[in-house]
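Have a look at the structure below before the remarks.
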Amino acid sequence: MVKKQLKSPYQIGGSLPIDASTYVTRKADEELFNYLKAGEFCYVLNSRQMGKSSLRVRTMKRLESQGITCAFIDLSGSGKSELNAEKFYGGKLVQKVVSDCGLGKKFNWQNWWRKDRDLLSPLQRFEKFLREVLLVEIKENIVIFIDEIDSTLSLNFSVEDFFASIRFLFNQRADRPECYRLTFCLLGVATPGDLIADKQQTPFNIGKSIALTGFTFEEAKRSLTLGFRDKFDKPKKILKEILYWTGGQPFLTQKLCDLTVKYGTNISPNISEIVKSYTIENWEERDNPEHLRTIRDRILHNQQRTGRLLGLYQKILTSTVTVNVDNSVEYNQLRLSGLVVQKNKNLEIYNPIYKEIFNQQWVESEIDKLRPYSEAINAWLRSRRQDKSRLLRGQALKEALDWGRDKHLSNDDRVFIQASLEEALAAEKKAKQILETANHKAQGAIAEIKDKACLKQLIFRNTLKTFKQFKMIA
């Protein structure tokens, strides 16, 4: 008998409310809270929809309950085309900190901000605000959360000095003890190296990195089985199947739990069928709220890097051995897409759902769209790289080199173009040899003709000389 269907308690997308019953507490919750409470600078840098915002909401609430003043700055939706340094530091940062810290009634930030405009840069005024206003007016410890920091990477002015300034405040603690009371927590889809990319500056190498991993069964069993208990017979068994398919990815796990409650038609729902019917099949149409398309678009949005990212992902997808992690831009970008996850020192596809959707056919199709020489390379690969007639020559080779010059190519592309170059060089060398041989033969023929001409001339002279001698005797 099918039990009465209840409203799903699971939330798909967005920050979970502070009292959400399906919030999953992870190791990161305790790490972030304890480090920030102790005054450590922290950063939570990971792919999208890994639970960063929900973690931030919970951590802020816990810190505030301990008497710590918190401010939250969301850098998304900043109106990038209109935002300049003046508006960023003043209207975006100072204004929000003043509001969240309750300083608005006794501090006119706009008048203060304009006062030193001619003497100090926006960044210098922001630093002065932290030292001379915030730390003076607020006697408690202060934590400033800054979310969506990756949004700063696409602004029309550099904010590397902003992150350098945060590092400077951290380093000032030895000389200015009051700076111990001010702590930052940075959240977003980036790497520490993205924050200060200028090689002339000291890298952003302070603070504690908080790792956000997928849900484990032990972490999730208490809160995520709540919606199953009044509908299904074996809630824990169902959750284990869900975690197998999602790899514990927070967004997908909440979504699959919700789908199970909605479409589980008996007391023992078939999770595999629910996954295939409501997630994998026609995935682009069913991807709401958007998740899978976000992953796809992050892989494909940068045309100069797409080929290399697809090539690296294809290597992970098809490799029979582990793919080791390095610190290259491509490895970091692929990891930040959320498509793969680092386990120990290896990269693996995050979960079976991703592997089903972003499969070998999808990779080959996307790579094929990039190339101006698709037909040639595909035929060459089908011949197991043996058919030299498919290699590029002349103008086609020149166009391929021009196309690939500013791109990070996949291994197949690099090998194909290199083989084409080697074949072209070999053909050029052979042509040169043929020309040299022909020239040598021509020179020999010319020399032979000259020798024959000289011989004829000599015979003629000797004959003429003999004739003259004979005439004199006569």
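So the values come out like this:
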{"quantity": "Using θ = phi - 60° and Karplus 6.51 cos²θ - 1.76 cosθ + 1.60, couplings along the range 228-235 (whole Hz; Gly, Pro as x)", "calculated": "9, 5, 9, 10, 10, 6, 10, x"}
{"quantity": "Long-range Cα-Cα pairs in the chain (distance over 36 Å), rounded percent", "calculated": "50"}
{"quantity": "Kirkwood Rh and Cα Rg combined as Rg/Rh, the range 154-301", "calculated": "1.15"}
{"quantity": "Environment charge of GLU436, counting only residues whose C-beta is closer than 13 Å and scoring Lys/Arg +1, Asp/Glu -1", "calculated": "+3"}
{"quantity": "Point-to-point label distance, LEU120-VAL325, nm (Cα→Cβ direction, 7 Å offset)", "calculated": "4.0"}
{"quantity": "Charge-dipole axis of the range 8-153 as Lys and Arg at +1 and Asp and Glu at -1 on Cβ define it, positive-most pick from GLY67, PHE41, ILE12", "calculated": "GLY67"}
{"quantity": "FRET efficiency, LYS27 to GLU364 (Cβ-Cβ, R0 41 Å, nearest 0.05)", "calculated": "0.60"}
{"quantity": "Pairwise centroid distance, computed over Cα atoms, of the range 212-257 with the range 264-304, Å", "calculated": "17"}
{"quantity": "Base-10 log of normalised Debye intensity for the range 120-169 (one unit scatterer per alpha-carbon) at q = 0.20 Å⁻¹", "calculated": "-0.83"}
{"quantity": "Contour minus Cα-Cα distance for LYS355 and LYS87 (0.36 nm per residue)", "calculated": "92.1 nm"}
{"quantity": "For peptides 186-193, 412-419, 117-124, 354-361, sequence by mean Cβ density within 10 Å, most packed first", "calculated": "186-193, 412-419, 354-361, 117-124"}
{"quantity": "J(HN,Hα) series, the range 327-332, from Karplus relation 6.51 cos²θ - 1.76 cosθ + 1.60, nearest Hz, glycine and proline x", "calculated": "9, 6, 4, 5, 4, 5"}
{"quantity": "Approximate spin-label separation LYS343-LYS221, in nm, with each point projected 7 Å along Cα-to-Cβ", "calculated": "2.0"}
{"quantity": "From the C-alpha gyration tensor of the range 275-378, square roots of 5λ in Å", "calculated": "21, 19, 14"}
{"quantity": "Under-5 Å amide H pairs with ASN346, H placed in peptide plane, nonlocal only", "calculated": "VAL325"}
{"quantity": "Computed over the range 27-209, the ratio Rg/Rh where both radii use C-alpha atoms and Rh is Kirkwood", "calculated": "0.93"}
{"quantity": "Distance from the range 109-161 to the range 6-48 (C-alpha centre basis), Å", "calculated": "26"}
{"quantity": "Cβ crowding within 10 Å averaged over residues, with 276-282, 346-352, 430-436, 147-153 ranked highest first", "calculated": "147-153, 346-352, 276-282, 430-436"}
{"quantity": "Ordering of 18-26, 321-329, 284-292 by packing [mean C-beta count within 10 Å, highest first]", "calculated": "18-26, 284-292, 321-329"}
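Every number in this text was worked out from the coordinates using simple rules, so none of it is lab data. Owing to the predicted nature of the structure, the values given are computational and were not obtained by experimental measurement. Please note: Cβ atoms are built from the backbone with ideal geometry, for glycine as well, and neighbour counts cover all protein chains shown.
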